[in-house]
Amino acid sequence: MVHRKQLQNKNKIVIKVGSSSLTHSNGKLNLMRIEKLVRAIVDVHNSGKEVILVSSGAIATGAAKMGLDKKPDDKIKKQALAAIGQAELIKIYDKFFQEYNKTVAQILITKDGVENSVRRKNAKNTINELLRMGIIPIINENDTISTHEIEFGDNDTLSAVVASLINADLLILLSDIDGMFTGDPKTNESAKLISKVLDLSADLESYIFDNKSAFGTGGMASKIVAARHCIEHNIDMVITNGSDPSIIFDVLSGKEVGTHFVSMSAIKCEEER
C-alpha cells in the first residue's frame, strides 16, 4: 500500500490509451469515452501536474471513416488509413480539449527520432517546452512513414520510451483488461489480478495471455516490455482498465487498481522508512 500512496506525488505523467479504449466493438470511435478521457486529463492538468497523452487509434479512425470493420493486413493500406485517421483523431481531441480551454499539440514519432542523438534532443526539448507552455502534447507513432527498421510496433513501447525521454514520474497504460493476471481472465475464472510487481527479473512472460482487439497492436507482451523499460529508467508504471477513464483519478490517489510495476526509487524509499 505504501508504494501506491507514493503515486499521489507523481507530477509528470504519461497516459497511454489503446485503440480498444477509444472505440466500440464495431471499430467506430467511442466519442463519449474520448470525452471522459479528455475531461479526466484536463482535471489532472488543472491540479498542477504535467500530462502527456500517447494515443493509439489513427488506423482505427481511418478505417471507420472509410467504412471498414477491421484493420487490413497490407502495410501500405494501413499507412494510408493512418494518414486519414490521424487528421480526424487530432481534430476530435482538439475539439474536446478546447471545450475546457486547453490547447493540444500533435507529435508524431518514429524510432529513429529518439535513437538519433540530435533528433532525440530535439524531441525532448520540444515536449518539455510544450509542457512549460501549459500545452498537452498528444503523441502517436508516425505510422504513415514507419518501416520495420524505424517503427516501435506498438504504443505501449512508444509510451515507455516517451516517459524515459522526458524523465516522467509515472506511466499509466489504459487497456481493455484490468491488469496483469495469473491466468487468462477471459477463460479462467480462478485467474487472480496481480496488484503489484516488485521483481521484474521474474518469469513475467508466463503471465502473457494476449487477446488483441481488431485494431490493436499491443498486448500483455508489449506491456511487459514497456514495464521493463520504465523500471530501467526508474519510472513507475500502472496497467489498468480504460473503459472508464476516471480510473486515472483512482491511480493517482493511490487506490489498489490495476497492476503497479514499482520503480526502484519507490522500493528504496520504503526500505529507508
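Just so it is clear, none of the values below were taken in a lab; they were calculated from the coordinates. None of these values were measured; they are calculated from a predicted model. Methodologically, a virtual Cβ is constructed for each residue, glycine included, from the backbone with ideal geometry; neighbour enumeration extends over all protein chains shown.
Below are the figures for this structure:
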item	result
Ranking of Ser55, Ser263 by count of other Cβ atoms within 10 Å, fewest first	Ser263, Ser55
Footprinting exposure proxy for Leu108, Leu173, Leu31 (fewest neighbouring C-beta atoms within 10 Å first)	Leu31, Leu108, Leu173
Protection proxy ranking, peptides 16-23, 39-46, 135-142, 98-105, average beta carbon neighbours within 10 Å, highest first	16-23, 135-142, 39-46, 98-105
Share antiparallel - DSSP beta bridges, the chain, percent rounded to 5	15
Set of region 66-84 residues, backbone N closer than 13 Å to the point 7 Å along the Cα-Cβ line of Asn26	67-70
Mean projected area in nm² (Cα convex hull; one quarter of hull surface) for region 7-64	4.1
Neighbour net charge for Gly254 - beta-carbon separation under 13 angstrom, K R +1, D E -1	+2
